[in-house]
Amino acid sequence: MDYTIRFSHNWNNKLNTKVFTTIRKWNRNKEEYYRSAIGEIFKVDLGGHQLPLVKLVNVDIIEYAHIPVTVLAQDVGYTSREKADQIFARFGIANFDRVIILLFERVK
């Protein structure tokens with residue numbers, strides 16, 4: 001299977017690092033898809049531009065409100081929960097929504 005993870009913005013320049021997270025709104029189909037893809041190689045699409053390949057290392061499901069501010073800061077580049085909340089609200093994610101946290105590692 002051909003796997004691709006898409007981004008519209010490179011928050012915190014995280015896509016340029018060796019490992020990075022991405023937080024996505026949860027649904028059962030997404031959870032099953034990503035859990036079945038742990039260990040698989042993904043293409044990274046940033047607004048139509050291909051970035052280096054990454055491997056899906058881990059999948060966590062959590063309520064958005066329980067994500068530590070340290071994880072949010074690494075993901076979007078803001079140490080303020082309020083600013084991070086504003087960003088995730090744009091994606092339809094609120095405090096008690098379940099989210100999927102994906103951990104990727106760049107392939108050498």
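Worth a mention:
- Residue count, segment 62-76 (criterion: surrounded by 13 or more Cβ atoms within 10 Å (Cβ to Cβ), touching a helix residue (DSSP H, G or I) at 6+ places or on another chain (Cβ under 8 Å) and either among the basic types (K, R) or farther than 12 Å from T22 by Cα (or both)): 1
- Hits in segment 70-108 - residues which are of a type in the set (K, R), part of a loop (DSSP other than H, G, I, E, B) and touching a residue at least 60 places away in the same chain (Cβ under 8 Å): none
- Checking L51 against (1) surrounded by 14 or more Cβ atoms within 10 Å (Cβ to Cβ); (2) in a helix (DSSP H, G or I), the condition it does not meet: (2)
- Candidate set from segment 27-45 (those that are of a type in the set (A, V, I, L, M) and free of Cβ contacts under 8 Å to residues at least 40 places away in the same chain); member that is surrounded by the fewest Cβ atoms within 10 Å (Cβ to Cβ): I38
- Selection count where residues are part of a strand (DSSP E or B), out of contact with any helix residue (DSSP H, G or I) (no Cβ under 8 Å at 6 or more places or on another chain) and of a type in the set (F, W, Y), scope segment 9-48: 1
- Test: residue in segment 92-108 that is charged (D, E, K, R) and at pLDDT below 95: yes
The values are calculated or read from the model by the stated rules, or taken from the named source; none is laboratory data. If you're wondering where the values come from, they're calculated on a predicted model, not measured in any experiment. No Cβ is skipped: glycine too gets one built from the backbone with ideal geometry, and neighbour counts run over all protein chains shown.
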